[in-house]
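Asks: What follows is a single structure, and I will ask about it in a moment.
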């Protein structure tokens, strides 16, 4: 149980385009989903937290207009990187928690590697 | 302040050796949760264990064992008889007060055949 999927697993795009990453909880209802960013050989950096049906809460320094997050259902959250630039290239990881407020264990997706040319 | 320290950046061992990964945490909360995750080269974080602050019992799962000591604010992870497949980055995380995980910087374990 507790499987989280991400799609796509990798994406290469041109500078200025937008990219959407999907995160799905396959066998449980994810009340809360989290989006992280990870640079090579570094730890995970929390970008934002989303609860189903409400607006995402962004961490300090994360541009909400650039990283659009939607949590439309209990099994799906999406992250859209708008007008992507090379500095947005990174490994993006989502996680999901089945308990409201995220006090439960987070289960992570396999990650999406974004390369912006 | 809440903080997780994994002082070992990288460890290399030879297969079948035992290895301990250290994790020291800081929190003022009396209720908190500690986690270990494994991140193999594929990138996906794999959940290994969750421990709450009221349960100091050590845990063993196969070749893995965890030593939780509140007196030293440590939650160390030992792999017995390491295998090449254990090669990965291991993250310790703290969940305290808010819903946000506080991750350590990770320890890269290399198990050599």
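Laboratory data are not the source of any read-out in this text; all were calculated from the coordinates shown. No experiment lies behind these values; they were computed from the predicted model shown. Because the Cβ atoms are built from the backbone with ideal geometry, glycine has one as well, and the counts that use them run over all protein chains shown.
Asks: Going by how many other beta carbons lie within 10 Å of each one, how would you line up A:21, A:12, fewest first?
Replies: In increasing order of surrounding Cβ atoms, one gets A:12, A:21.
Asks: Have a look at A:49, A:75, A:57 and tell me which one the Gaussian network model of chain A (Cα, springs below 10 Å) gives the largest fluctuation.
Replies: A:57
Asks: Taking the Cβ-Cβ separation of residue A:85 and residue A:42 as r and a Förster radius of 25 Å, what is the calculated FRET efficiency to the nearest 0.05?
Replies: Efficiency, from the Cβ-Cβ distance: 0.80.
Asks: Using the basic label-point model (7 angstrom from Cα toward the beta carbon), what is the residue A:18 to residue A:57 distance in nanometres?
Replies: Between residue A:18 and residue A:57, the simple spin-label model gives 2.6 nm.
Asks: GNM, chain A, Cα, under 10 Å: largest mean-square fluctuation among A:53, A:61, A:16?
Replies: Maximum among the listed residues: A:61.
Asks: Roughly how crowded by other chains is peptide A:41-47, in terms of the mean Cβ count from those chains within 10 Å of each of its Cβ atoms?
Replies: Per residue, the number of nearby Cβ atoms from other chains is 5 on average.
Asks: Mind checking the mean number of beta-carbon atoms from other chains within 10 Å of the Cβ atoms in B:33-46?
Replies: Across B:33-46, the average partner-chain Cβ count within 10 Å equals 4.
Asks: Calculate the mean, over all residues of peptide B:101-109, of how many other protein chain Cβ atoms lie within 10 angstrom of the residue's Cβ.
Replies: Taking all residues of B:101-109 together, the mean is 3.
Asks: Taking Cα centroids, how far is the range A:39-82 from the range B:31-50 in Å?
Replies: Going from one Cα centre to the other spans 20 Å.
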